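The values are calculated or read from the model by the stated rules, or taken from the named source; none is laboratory data. In this text the structure is predicted, and so the values were computed from the model without any measurement. Glycine gets a Cβ as well: all are built from the backbone with ideal geometry, and neighbour counts include every protein chain shown.
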Amino acid sequence: MNLVSVLVLAGILIAVFAFFYKLYEILWDAIKIPLKKPRMKLDLGRRIYILIRNVFLQGKLFKDPFAGIMHALMFWGFIVFGAYSIDFFYVTIFAHQLFSPGILSDIIFFTVNIFAGIVIADVIYAAVRRWGLKIKRYQGFNGFEAAFILVLIGLLMLTYFVMSVLDMQGLLAGYTFVVRSGAPHYLEPISYALASIIPKAPSSYVYYIFWSAFWIHALDFMVFLIYIPRSKHLHLFAAPFNVLFSTGTQARPLPIDFEKETRFGATDIRDFTWKDYFDFYSCTECGRCTDNCPANMTGKTLSPRDIIWDIRETVMAQGKEYRKNRDNPDEVFKTVIGDPILEKDLWSCTTCMACVEQCPVMIDHVPKIIDMRRSLVLNQGKAPKESLDLFRNIESYASPYAIDPSTRGDWAENLDVVNLSKNPDANYDVLYWVGCVASYDRRNQDIAKSVTKILKKAGVNFAILGSMEKCTGDPARRTGNEYLADMMIKQNVETFKEKKIHKVITACPHCFNSLKNEYKEYGVELEVYHHSEYINRLISDKKISVKALTSDSSEKYTYHDSCYLGRYNKIYDAPREIIGSFTENFEEMEKNKSKALCCGAGGGRLWMQETEGTMVSHKRIEMADKINASTVVTACPYCMTMLDDARKTTNREDKMNIQDLSEVIAKRLE
Amino acid sequence: MVDVIVLIKQMPDLEQVKIDSNTREPMIKNVPKTVEILSEHAVEEAVRLKEKYKGKVTAILLGNEQSSAIMKKAFAIGADEGIIIDGYEENNPANTARVLATKIKEIKHDLVILGNQSADSITGLIPGMLSALLNEPLLGNAGKIEVTGTTVKVTRILEEDNIEIESPMPSIVSISQEINEPRLPPVMQIMAAGRKPIKTEKIAPVISKAVTLVSNRAPRSERKKLVFEDMDKGIPEVVKVLKEGMK
């Protein structure tokens, strides 16, 4: 072994040790600090699928096409460059190639050459995005860290080219004891092209040029290795695992056992799970979440990125302290609520899941926000004043409204609807779960009446629970009052079991999501349909027929996606097919389907004042106005309430209508 | 140290009271009982005083075995002890005050806190009557309560000015709704409240004929219940009806 080999070997050993030591530390934190466990199922098929889709194919990154292509190329470049680097250091240390000449080594060296060129272009593009175009979603990013990384990557590629060009020019013959040489022209086309343009350096210079390039290349790689786990580039390691470990239940906060647990929600970093720690480690500050956050978009200070990043910083700092001082956890772990995470930001969240949907590394922002709300509500009794009223009403009247629960079914009077609280022994096939808003709110009662009209026309034998129906617990759960939610869920589950209810239709996506996905954990299996799915099937099965819009009509329809129907339950097509069943006068708004903008009402926000910034619902109405929609079709009583209100307060009453899917169909029944 | 007795009233949930269309009487028989609104503020204030000055909060409630949920609510907010006086079912302020005064006399206290009038019967008589029966000064309609040594100072918040009054303790303070916003108790306290014992004391019915209830009836409503479905035609029709009504 020569001196160079010894030095490089020592350097690589140090770098690898530093890399793994840091990984050991953060994994120790992730295993030793959390007191809670995530929901984990083996789910192998799904895991393999998302690993291929979201890691190897970089699937979620293409939601932002330009950045996505850039990142994907960088990622694939890194993989081949990784193989190349192993060979590079192998040659330096052992003086012969790891990949002996053959098809495999040909593929590696050819792709490396191509990707090195692409990655240099990527580095320039990434720098232009940050410091030239100043792309909004990077706001507040760590400039030094980004610049340092880009310089490291750029230098790594440049020095690779320097050595490769020297080789193409046949100048590396004397250095074969540390580098591979004599690559055929066709294997390194970019270098070959460069070699033919760049004049050969005088042989006295080659020594200096080669050794500078060699050492910069080798040291750069070592520094990079050390730096990865200590910067946002930790995502190189953490993100693939985060995708692999994703629970598949992003939208669902963990259940609480009130009989056993004493710490509720998330107060300090002990209250997150190890999977949450992978979320924190995977964040790259890319800002896609915040860029798509309806609260942030309308001038509120909530930034899902900053929430994740702030907790990550807290984990890094308090983890380090805890490793030194393990006897006094209460001294080490201080609450993250208040500082650095503002209470008002936690309350601004509409739980719309746009952040989770956008995150390329599958971070679950929303359940963490709900868990911190839980900490405030359940441990300290802290919540916005309107939420306290909401809780009181749900507790006393089983709905968010202070209205006598015995009048819940009154909207159906004279409509000849089977009400199980008045007629308990009636026969029926399907339960129509009306929900609180459609039961009590005057405007939304029209939805209940329209659903009734459609079901009757189709000859569906259905019943309502009347005063036996109670709030599903969703507004309480999303506002952090799991205790109350738990109470409501148990009462409803009791009713479902007692009445042997199995099949349910509902026009409320919030009820739908709860009943379909969340009631399972309370031991009741329901077959739940949202009215959009159900009506769509009634149309396609020809159980009802819908009058087509005349071709000369000037009506223009658009559809506003409900978050709890769309992102939570992936129902995007059924509502559009229903509209398509009677008209082609349909245009999408600016943000639609998985990128849809929230109405501002989820997460209990329907019952809170929106005082900071502008109204989310106004922004949505403006989008509808931009395409001159005359009817905005909704599929959720919350959206209906918000958008109908926005339509009025922004003086668009004359030119725009808000209609539920059931209403547009009920009117067109033949 | 301030030891506080807080008086809680239970009442039928007014949102759920319906009026019998024939007799015009409220149908309160099966309506669930709830904590009277001002009583909840009174408990909250008593607990805040305890948190500030230390001491003990004893809650007294006229009720029966079914009233324990209401007492548990007071426990969850922070009351230390709870006594349900079972057996008094009248709604006669003079007797109510006597029953309460008898019990209050047995308990060492610096302050008695209660709402200035109940949300259901709205007589506003109990604070004054208690003051007379217990021979303790009454500081009424408090919007703020402060204690220094053995003196209590109360701020009455009026429309145009604030009045401060004070008296030596023990005294009676009746509160107005603006005094505080009752808290949402933390879950651990709700759970602990469920396990806390409640003292129930039976008393013999009090009979007095000073004032008797003659009738309790809602005025007959004159609503015409007209519904205008068509927006375009409806508005002129509404205007027409309103004009006729004004004649």
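Condition first: more than 14 Å from every other protein chain (Cβ to nearest Cβ), in a loop (DSSP other than H, G, I, E, B) and acidic (Asp, Glu). Can you find one or more residues in the range B:181-193 that meet it? So far as the range B:181-193 goes, no, none of its residues is more than 14 Å from every other protein chain (Cβ to nearest Cβ), in a loop (DSSP other than H, G, I, E, B) and acidic (Asp, Glu).
When A:ASP429, A:ASP425 are checked against the criterion of being away from chain B (no Cβ under 14 Å), surrounded by fewer than 15 Cβ atoms within 10 Å (Cβ to Cβ) and at pLDDT below 95, A:ASP425 stands alone in meeting it. If I go through the range A:1-19 residue by residue, how many of them are surrounded by fewer than 13 Cβ atoms within 10 Å (Cβ to Cβ), closer than 19 Å to A:GLY174 by Cα and not β-branched (Val, Ile, Thr)? Looking only at that region, the number is 3.
Listed by first and then second residue, the pairs with beta-carbon distance under 6 Å, at least 6 apart or on different chains, first residue in the range A:466-490 and among the charged types (D, E, K, R), second assigned to a helix (DSSP H, G or I), are A:LYS470/A:MET488; A:LYS470/A:GLN491; A:LYS470/A:ASN492; A:ASP474/A:HIS510; A:ASP474/A:SER514; A:ARG477/A:ALA485; A:GLU482/A:ARG374.
In summary, A:SER439 fulfils each of the numbered conditions (1) within 14 Å of chain B (Cβ to nearest Cβ); (2) in a helix (DSSP H, G or I); (3) in contact with a Phe, Trp or Tyr (Cβ under 7 Å, 6 or more places away or on another chain) with the single exception of condition (1). Scan the range B:55-70 and tell me whether some residue there is of a type outside the set (Ser, Thr, Tyr) and within 14 Å of chain A (Cβ to nearest Cβ). Yes, the conditions are met somewhere in the range B:55-70. Do we have any residue at all in the range A:294-313 that's farther than 28 Å from A:GLU610 by Cβ and of a type in the set (S, T, N, Q)? Scanning the range A:294-313, I find no residue that is farther than 28 Å from A:GLU610 by Cβ and of a type in the set (S, T, N, Q), so the answer is no.
Rundown of residues vs (1) within 19 Å of B:ALA42 (Cβ to Cβ); (2) out of contact with any helix residue (DSSP H, G or I) (no Cβ under 7 Å at 6 or more places or on another chain); (3) of a type in the set (S, T, N, Q), yes/no style:
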| position | (1), (2), (3) |
| --- | --- |
| B:LEU139 | yes, yes, no |
| B:ASN162 | no, yes, yes |
| B:SER167 | yes, yes, yes |
| B:MET191 | no, yes, no |
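Here the helices (runs of 4 or more DSSP H) wholly within the range A:296-414 that include at least 1 residues being touching a residue at least 24 places away in the same chain (Cβ under 8 Å) and more than 14 Å from every other protein chain (Cβ to nearest Cβ) are A:304-324, A:329-332, A:343-348, A:354-358, A:365-374.
Only one of the numbered conditions (1) part of a helix (DSSP H, G or I); (2) surrounded by 20 or more Cβ atoms within 10 Å (Cβ to Cβ) is violated by A:LEU171, and that is (1). Here A:SER204 meets each of (1) modelled with pLDDT under 95; (2) outside any helix (DSSP H, G or I); (3) not aliphatic (A, V, I, L, M) with one exception, condition (2). Just one of the listed residues (B:ASP3, B:ASP20) is of a type in the set (Asp, Glu) and either in contact with a helix residue (DSSP H, G or I) (Cβ under 7 Å, 6 or more places away or on another chain) or crowded, with 16+ Cβ neighbours inside 10 Å (or both), and it is B:ASP3. On the basis of being of a type in the set (Ser, Thr, Tyr) and touching a Phe, Trp or Tyr at 6+ places or on another chain (Cβ under 6 Å), does A:SER204 make the cut? No; evaluated as a whole, the condition is false for this residue. Among the residues making up the range B:170-180, those that are part of a loop (DSSP other than H, G, I, E, B) and either surrounded by fewer than 19 Cβ atoms within 10 Å (Cβ to Cβ) or hydroxyl-bearing (Ser, Thr, Tyr) (or both) are B:SER176, B:ASN180. Considering the range A:232-269, and only residues there that are touching a residue at least 40 places away in the same chain (Cβ under 8 Å), surrounded by fewer than 18 Cβ atoms within 10 Å (Cβ to Cβ) and over 20 Å from A:PHE56 (Cα atoms), the residue that is nearest to the other protein chains (Cβ to nearest Cβ) turns out to be A:PHE258.
Regarding B:TYR88, is this residue hydroxyl-bearing (Ser, Thr, Tyr), buried (at least 18 other Cβ atoms within 10 Å of the Cβ) and either touching a residue at least 24 places away in the same chain (Cβ under 8 Å) or touching a helix residue (DSSP H, G or I) at 6+ places or on another chain (Cβ under 6 Å) (or both)? In short, yes. Working carefully through the options B:GLU166, B:GLU159, B:GLU201, find the one that is closer than 22 Å to B:ASN135 by Cα, more than 14 Å from chain A (Cβ to nearest Cβ) and acidic (Asp, Glu). Criteria check complete, one pass: B:GLU166.
Scanning the range B:124-166 for residues that are crowded, with 16+ Cβ neighbours inside 10 Å and among the hydroxyl-bearing types (Ser, Thr, Tyr) yields B:SER131, B:THR155. The residues in the range A:583-608 that are over 15 Å from A:VAL633 (Cα atoms) and touching a Pro at 6+ places or on another chain (Cβ under 8 Å) can be counted, and the count is 5. For the range A:281-295, a residue qualifies if it is part of a helix (DSSP H, G or I), over 13 Å from the mean Cα position of the chain (by Cα) and surrounded by fewer than 23 Cβ atoms within 10 Å (Cβ to Cβ), but none of them does. The set of residues in the range A:96-118 being in a helix (DSSP H, G or I) and in contact (Cβ under 8 Å) with a residue 24 or more places away in the chain consists of A:ASP106, A:ILE108, A:PHE109, A:PHE110, A:THR111, A:VAL112, A:ASN113, A:ILE114, A:PHE115, A:ALA116, A:GLY117, A:ILE118. If the condition is being part of a loop (DSSP other than H, G, I, E, B) and crowded, with 22+ Cβ neighbours inside 10 Å, then the range A:549-560 contributes only A:HIS560. So, in the range A:472-510, of the ones that are buried (at least 24 other Cβ atoms within 10 Å of the Cβ) and acidic (Asp, Glu), which residue ends up farthest from A:ASP429 (Cα to Cα)? Within the range A:472-510, the match that is farthest from A:ASP429 (Cα to Cα) is A:GLU482.
Of everything listed in (1) touching a Ser or Thr at 6+ places or on another chain (Cβ under 9 Å); (2) among the small types (Gly, Ala, Ser); (3) free of Cβ contacts under 8 Å to residues at least 60 places away in the same chain, the single unmet condition for B:ALA94 is (3).
Scanning the range B:1-43 for residues that are in a helix (DSSP H, G or I) and either more than 14 Å from chain A (Cβ to nearest Cβ) or under 12 Å from the mean Cα position of the chain (by Cα) (or both) yields B:ILE37, B:LEU38, B:SER39, B:GLU40, B:HIS41, B:ALA42, B:VAL43.
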